[in-house]
Structures are given as structure tokens and as C-alpha cells.
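Only one structure is covered here, and it is reproduced in the block below.
The values are calculated or read from the model by the stated rules, or taken from the named source; none is laboratory data. The shown structure was predicted, so the numbers you read here are calculated from the model rather than taken from an experiment. Virtual Cβ from ideal backbone geometry, glycine too; neighbours counted across all protein chains shown.
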Amino acid sequence: MWKRAVCAKDCPDTCGLLVRVENGRIVAVKGDPEHPYTQGFICRKGSHFPAHVHGGERITTPLKRVGAKGSGEFVPISWDEALDTVAGRMRSVVAESGSLSILPYFYAGHMGLVHRRCGDAFFNRLGASTPDLTICSAAASAGFAASLGKGPSTAIEEAAKADCIIIWGSNTRTTNIHAWPHFAQARRNGARILVIDPYRNSTAEAADEHFMLRPGTDAALALGMMHVLIREGLVDRAYVERMSVGYDALRREADAYPPERVADICDIPAARIEALALEYGRARAPYIRTGWGPARQLAGGMAMRTIALLPVLVNAFARPGGGITRSLGGAPGNTRCLERPDLRPCPPRVVNMVELGNALTGAGGFEGPPIQMLYVYLSNPAVVAPQSRLVLEGLAREDLFTVVQEMYLTDTARYADIILPGASFLEVADLYRAYGHNYIQQAEPVIPPVGECRSTLDIFQALAARMGFDEPVFRMTEQEFIDCLLAEDASGYLDGVDLGPLREGRAVRLNIPSNPYADGFGTPSGKAECFSASLAAQGLPPVPVGDPVRDPEGEDRYPLECLTPPHHLMLNSAFNEIPSLLAEAGSPSVFIHPETAAARGIVHGDRVRVFNGRGECFLAAEVTDRTRTDVLVIEGLRWSGGPAGCGANQLTSQRLTDMGRTCAFHCSLVDVEPCA
Ligand SMILES: Nc1nc2c(c(=O)[nH]1)N[C@H]1C(S)=C(S)[C@@H](COP(=O)(O)OP(=O)(O)OC[C@H]3O[C@@H](n4cnc5c(=O)[nH]c(N)nc54)[C@H](O)[C@@H]3O)O[C@H]1N2
Ligand SMILES: Nc1nc2c(c(=O)[nH]1)N[C@H]1C(S)=C(S)[C@@H](COP(=O)(O)OP(=O)(O)OC[C@H]3O[C@@H](n4cnc5c(=O)[nH]c(N)nc54)[C@H](O)[C@@H]3O)O[C@H]1N2
Ligand SMILES: [Mo]
């Protein structure tokens, strides 16, 4: 029998799934052909969900550490002992150091609206520190919002009608695979697909043209395109007058970016910049898909903001198929019923999750009560957070008590004092939104929790009972939270929406326009903001500027930029637990340009050490012209199983981006050498 489900992984597509169950076990997973957006196909990772759920290494009982932190030596204990130990430790930490010395750390291991945020009420009631959820999209959102306002952008399906598609810093064919059929449809109708990315990723391989720019130079490239659009009279002056503010200031800035200057900054020939701008400006329906890549740079907010103004200048929003996409969808309902900030006994202390290394070690001028207890769920910070060496040093602290709720013995779980076995997404009910389309869907458990595993909500409700928290929210069920989200909609996304099909497990289209910018902009002025007073108020340049910002700790010491984008067969650090996928992915490797390799005596297949002042990483050399001479690329986040391994975040820094206070994951200066 095939049961309907929803993929809960952190990917824009949030696929509709069909899951086959035999004798209580999941034996096959495929795409649901009736899902209106994901249309019956799924990624290679998804077809491995049977192994993800039933893998031999899955943790199925609570565990207590018996060896040194990091050693991975644990013994099974009962749930009562595990929960009593955690609650007892919470009480003693609160008594001795205050509740703010407890830090919950979670991100997106499970994207369901209920289970992802069901720890919020608990930690608010406890008065714990609050993690600032900045690790992924904050710079991209902030940059985009400064120009076009908050909220969903152009629906990807629209792009099927475009005649010029620019994929700007997104590896669509790996990270957002259901977008590609729409782009391919446009191509069959004559559109060209242009990719702007510092390396030839799987999307650039399939494109019509690839602009292999220097990392961090997108704002300059966009200003150079504007320069040409203005000079050639391709700007829709009437629209810009009516629907934007500050165009004259932008025009003056763009004046200073003729293609010859931009060519030097971006390392792309002036003639190609000129041609790119003309193709975009003369298109009937120009469409841009920005990924998050350009935002994972120190001036990443500015990069996104500048790119987002291009469609304004040509009024792409007036042409069917034109527009710009960053993020879609939205959480319907009143998410406060889950988050419950009203339960806090004391003012919050917010800890940026990018700066976990500092928070755990007191480095970098970390202020306030030191962290005495770390509670990790739906995240693997030893692998995904920047500057791993510092994170691991913190996790190794003997005086830190660490709880990790996990399905597998990840690098983070190895440092836990107590591990709580988490149920997988196929073992729980939840409501899902997506960030790559405008549908929501509800899923019921396909099988009961494996072994003694428990859902995230179950675990927090059990802990709340032990802590004596008696507010009704700590007795609510999954279904009650889902009902509450759907009943108290503050977003307007449910207006006029028939929720009937939702109860049958089918995807339902939210009330979100496909071309939202046609109706105006969610900025303070209600117009597109070439000049942003709110950026000025934050001390940031109010008008786009094109100066790239490089990793200051590496300047003059390490000559190569290092990018650490997603791997096709992994999802951030997830799927490292599946041996067959790891085998298919091959040894962890680094892309090195042939000239760069030759200059260092490195040949294809050599074991190399990539390093900078923050850390080092041991990988196999993949000598290839898919990257630039000055750029190394490490695709994917691998588990190391120990401190000195292959995790790319050994090399990244905790330095925050210009907007959104997020991580500049693709902005690290490094060097590489052969291993002895
Ligand atoms: N298979 C797979 N799919 C995934 C994920 C995964 O790990 N694996 N992760 C999921 C998550 S959480 C997210 S947020 C999304 C991310 O999806 P993407 O936006 O596709 O990923 P990014 O890491 O932001 O990198 C996108 C591209 O930006 C490029 N890039 C880096 N620096 C620059 C720059 O300065 N300028 C330009 N123009 N490009 C640059 C990188 O080389 C990369 O090709 O994907 C989701 N989907
Ligand atoms: N260098 C570098 N670092 C990056 C990035 C990059 O591009 N480069 N990308 C960044 C981005 S975009 C993001 S979003 C973050 C992601 O950061 P995280 O959200 O921490 O990423 P994951 O690796 O998916 O870790 C989720 C963990 O949750 C567990 N898990 C998954 N599903 C379930 C479940 O149903 N129940 C339970 N109990 N556990 C579950 C998984 O086993 C996994 O260990 O990483 C960031 N880190
Ligand atoms: Mo992400």
C-alpha cells in the first residue's frame, strides 16, 4: 500500500511523496504524481528514505555518554532516566547560573511547522537564551527586503513563459530540482538560460551561457548591467518614476560602473557584461532566479539588494513570465501559538547561531552569562556551523552539559552527555509550507516511531511535565497545533482557501499571487527602494555600492577563495548516514583548477590539505577547469567523525554579513598543499 507523505528536508521543493509500507517498515519512496508542483519526481536522496528511517546505525533508545566527549562511547538508558537527568540538570543550571546559561540550538532537520518550532514554548517558559536563526537565509532576505520588501517573490512556474532566464548564484539542478522543468519549458520556447556563478556547477553545465565571476562581486556586476541599461535607454522611466524611490541616486552610482571597470572587478570581459545587459534589457520577459549563494558573502545583503533592483529598472513585473524569485510560500496561521514569547519569565538573550563557537568558548568578546547547557535538536552544529575548530573546542568542555536529540550519531551527537532518539518525519504528523512553491500540505505518520524513538513535540511535552510547566500549551497534541495554525490565520494566506483537500493529505495552494510585485512592494515606502532610508538608519549604504569585501583574516596570507556549496547527494550534513549514498558521492574532494594544482605540484586524486588560520581539511584533489584559478570548491558538508577531518566548516569564519547577521559561508581565503 502506498501512503501519502511530505518530504520534511530543508529544500525549497517540499515534495509530495508516496511511501510504501510492508510489515510496518518503509520499503520504497517515490514522488506523488498528483502533487501540483513537484509532479511525481523526487531527488536521488529521497529515494533513500527507507535507509534513512531503518538504517542499521539509527539510534533507537536514549543514550548516556560513558567515554570522553567526542569518543562516541555511549550506553542505552531508559527514557525515565534520560528525561530525569536532563530535567534535573536544567534545574541545577538555572539555580546555579540562571536560565540564560541554557542555550537551545536548532535549525531545519525537520521543516514541519509544528515539530520544528515546538521547543520554543518550552525554552521561553524556562527563560533560556534564544538562538537567532540566521544560519541560512537572513542576509538574502534582508537584502531582498531592502529593495522589494518582505514576502513571497515571483512563482517559479511563471518562468516557463520567460524568454531570458538568469540563474544567479543558485545551483538549481541540485538544490531546487523542480524549478528546472519550468526553465527547460521556456528554453523549448526559445529562451536562453544564463548562469552567474564562480564555478561551473551542475546547473551551469546545463546552461546556454556561464559567467564565471569572481566570488563576492555580484553587486558590481549588477551595477555594470544597470550602467548599460541606462546608457542604452532600456530603463522603463515612467514605471521607475511611479513605482520606485531614489532612482537618480542609483543612476549616479551606476554611472561609476562602466563595463570596463566591472570587468576588472568581476574578471569577466567587458564585452560579455555588455551583451548580458543587452540580452536582459531587450528581453520580452526577463526572469531571474537568485539562489542564496551571492548572499553568503560578507557584503551579501548588498549583493542581493542590487540584483533585486534589476527587474525594477526594466519593469519585468509587467510582462507575463518576467520577475525575480528568491523565496516563496509562507507560514500560514498564527505561529505564536507555538512560539509563546508571552511565557518568558525574563527578558531574552539572543545568541546568533552563526557564532556558536564564540558562545561556547567565550571567544570573540562573547558577553553575558556563559553557556552551561546546550540543547541541540534538528541540527548538527559540529558540521554545519562555521569555524568548526572553535565549535568542537566548545563542545569538548567538561563543564558543558550537552543534550542532543538525533536519529544518528552525528559529529555533534558524539559530544552529547545525553542523546534522545528522535522520530523521523515519516513517523509524525505535521503541516508543511515550502520555500520554493506556494502550496501547503499536511501529513500523517506513515509508520509509528521506530524502536523507542519519540517525536520532537513528545520529548518537549515530557520534559515540560518533569519541569512542572502546567500551561495548557504543554499538553497540546500535533493535531491541536495544526488546527490552531489553520484556525487563527494572521497571514491572509488562507483567505478563500478550501482546506478540505488538506485533510485528505493533498497539497493546497495558498492565497499568494504568482506575480506579487505587480501589486506594489512591501517596503516602508510601498515602492521599490533604489534608495533605502531603513538601510541608512542602520548605518549601511542607502544606495547600492559594488565594492567586494574579502575575508579580512586571509588577506595577504592565503591567495585562494574557497566556496562550500551544497552536494547533489547530501542535504547540508544530512544523508551522511547512508552508506550507499556516500559510496556514490565518492571521497570528499576539492575542485582545483589545473594551473593552481600544477603550481603546487598537485595531481588529480592526490590527498591534499586545504588550510587557513582557522582550520584545515583533508580532501582528494579533483583537478578540473570547472573552477577558476583563484577559487577552490568543496561541495557538501561531510561528517568527520573526529576533529581533523573533511568538514568544510573548518575553513569558514563566524564573521557576520552586512545585512541579516548571517554567515559568509562562501567567503574564506585559503591555500592548498599536497599531503606528505
Ligand atoms: N542537494 C541539495 N539540495 C539542497 C541543499 C543541499 O545541501 N543539497 N541545501 C538546501 C538549503 S538549506 C538551501 S538554503 C538551498 C541553497 O541553495 P543554493 O542557493 O543553490 O545554494 P548556495 O549554497 O547558496 O549556493 C548556490 C551557488 O552560489 C554560488 N556562489 C557562491 N558564492 C557566490 C557569489 O559570490 N556570487 C554568485 N553569483 N554565486 C556564488 C555557489 O558556487 C553555488 O553554485 O538548497 C537546499 N537544497
Ligand atoms: N560551509 C557551509 N556550511 C553550511 C552551508 C553551506 O552552504 N556551507 N549551508 C548552511 C545552510 S543553508 C543551512 S540551512 C544549515 C543547515 O543546518 P542544519 O539544519 O543543522 O542541517 P542538517 O545537516 O540538515 O542537520 C539536521 C540534523 O537533524 C537531523 N534530523 C533530520 N531529520 C530529523 C528528524 O525528523 N528528526 C530528528 N530528531 N532529527 C532529524 C539530521 O540527522 C541532521 O543531523 O547549514 C549551513 N551550513
Ligand atoms: Mo539553508
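Please determine whether any residue of the range 512-521 is more than 23 Å from residue 327 (Cα to Cα), more than 26 Å from the chain's Cα centre (by Cα) and not basic (Lys, Arg).
Filtering the range 512-521 for residues more than 23 Å from residue 327 (Cα to Cα) gives none.
For the range 512-521, residues more than 23 Å from residue 327 (Cα to Cα), more than 26 Å from the chain's Cα centre (by Cα) and not basic (Lys, Arg): absent.
Consider residue 202 against the criteria (1) out of contact with any Leu (no Cβ under 9 Å at 6 or more places or on another chain); (2) without any contact (Cβ under 8 Å) to a residue 60 or more places away in the chain: it satisfies all of them except one. Which criterion is unmet?
All conditions are met except number (2).
Given the criterion in contact with a strand residue (DSSP E or B) (Cβ under 9 Å, 6 or more places away or on another chain) and under 30 Å from residue 402 (Cα atoms), identify the matching residue among 70, 127.
Residue meeting the stated conditions: 127.
From the set of residues in the range 377-393 that are near ligand 2 (Cβ under 7 Å from one of its atoms) and either among the charged types (D, E, K, R) or assigned to a helix (DSSP H, G or I) (or both), which is surrounded by the fewest Cβ atoms within 10 Å (Cβ to Cβ)?
Looking at residues that are near ligand 2 (Cβ under 7 Å from one of its atoms) and either among the charged types (D, E, K, R) or assigned to a helix (DSSP H, G or I) (or both), I get 383.
Confirm whether residue 85 is more than 16 Å from ligand 1 (Cβ to nearest atom), surrounded by 16 or more Cβ atoms within 10 Å (Cβ to Cβ) and either assigned to a helix (DSSP H, G or I) or touching a residue at least 12 places away in the same chain (Cβ under 8 Å) (or both).
yes
Among the residues of the range 564-618, count how many are outside any loop (DSSP other than H, G, I, E, B), of a type in the set (Val, Ile, Thr) and over 21 Å from residue 551 (Cα atoms).
1
How many residues are assigned to a helix (DSSP H, G or I) and away from ligand 2 (no atom under 16 Å from the Cβ) if we restrict to the range 272-321?
24
Which members of the range 571-580 meet the condition of being crowded, with 21+ Cβ neighbours inside 10 Å and of a type outside the set (Gly, Ala, Ser)?
Answer for the range 571-580, where residues must be crowded, with 21+ Cβ neighbours inside 10 Å and of a type outside the set (Gly, Ala, Ser): 571, 572, 575, 576, 577, 578.
If I ask for residues that are among the small types (Gly, Ala, Ser) and either away from ligand 3 (no atom under 16 Å from the Cβ) or surrounded by 24 or more Cβ atoms within 10 Å (Cβ to Cβ) (or both), which ones from the range 93-127 would you list? Show your work before the answer.
Taking the range 93-127 first, the residues among the small types (Gly, Ala, Ser) are 95, 97-99, 101, 108-109, 112, 119, 121, 127.
Residues satisfying the conditions are 95, 97, 98, 99, 101, 109, 112, 119, 121, 127.
For the range 279-289, give me the residue count where each residue is under 14 Å from residue 211 (Cβ atoms) and either within 13 Å of ligand 1 (Cβ to nearest atom) or free of Cβ contacts under 8 Å to residues at least 60 places away in the same chain (or both).
Here the count works out to 1.
Residue under question is residue 663, and the condition is that it be within 16 Å of ligand 2 (Cβ to nearest atom) and either acidic (Asp, Glu) or at pLDDT below 95 (or both); does it hold?
In short, no.
Residue 263 - would you say it is without any contact (Cβ under 8 Å) to a residue 40 or more places away in the chain and farther than 30 Å from residue 663 by Cα?
Here the answer is no, as residue 263 does not meet what is asked.
Do we find that residue 221 is surrounded by fewer than 23 Cβ atoms within 10 Å (Cβ to Cβ) and among the hydrophobic types (A, V, I, L, M, F, W, C) in this structure?
On the way: surrounded by fewer than 23 Cβ atoms within 10 Å (Cβ to Cβ): no; among the hydrophobic types (A, V, I, L, M, F, W, C): yes.
Considered against the rule, which asks whether it is surrounded by fewer than 23 Cβ atoms within 10 Å (Cβ to Cβ) and among the hydrophobic types (A, V, I, L, M, F, W, C), residue 221 comes out as no.
Enumerate the pairs (first residue in the range 554-573 and assigned by TED's automatic domain parsing to the domain that holds residue 615 and of a type in the set (Val, Ile, Thr); second residue anywhere and within 6 Å of ligand 1 (Cβ to nearest atom) and in a loop (DSSP other than H, G, I, E, B)) with beta-carbon separation below 7 Å, excluding pairs fewer than 6 apart on the same chain, so at least 6 apart or on different chains.
Close Cβ pairs satisfying both conditions: 564/666.
Residue by residue, here is whether (1) more than 21 Å from residue 123 (Cβ to Cβ); (2) hydroxyl-bearing (Ser, Thr, Tyr); (3) modelled with pLDDT of 95 or more holds:
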residue: 316; (1), (2), (3): yes, no, yes
residue: 328; (1), (2), (3): yes, no, yes
residue: 336; (1), (2), (3): no, no, no
residue: 353; (1), (2), (3): no, no, yes
residue: 372; (1), (2), (3): no, no, yes
residue: 394; (1), (2), (3): no, no, yes
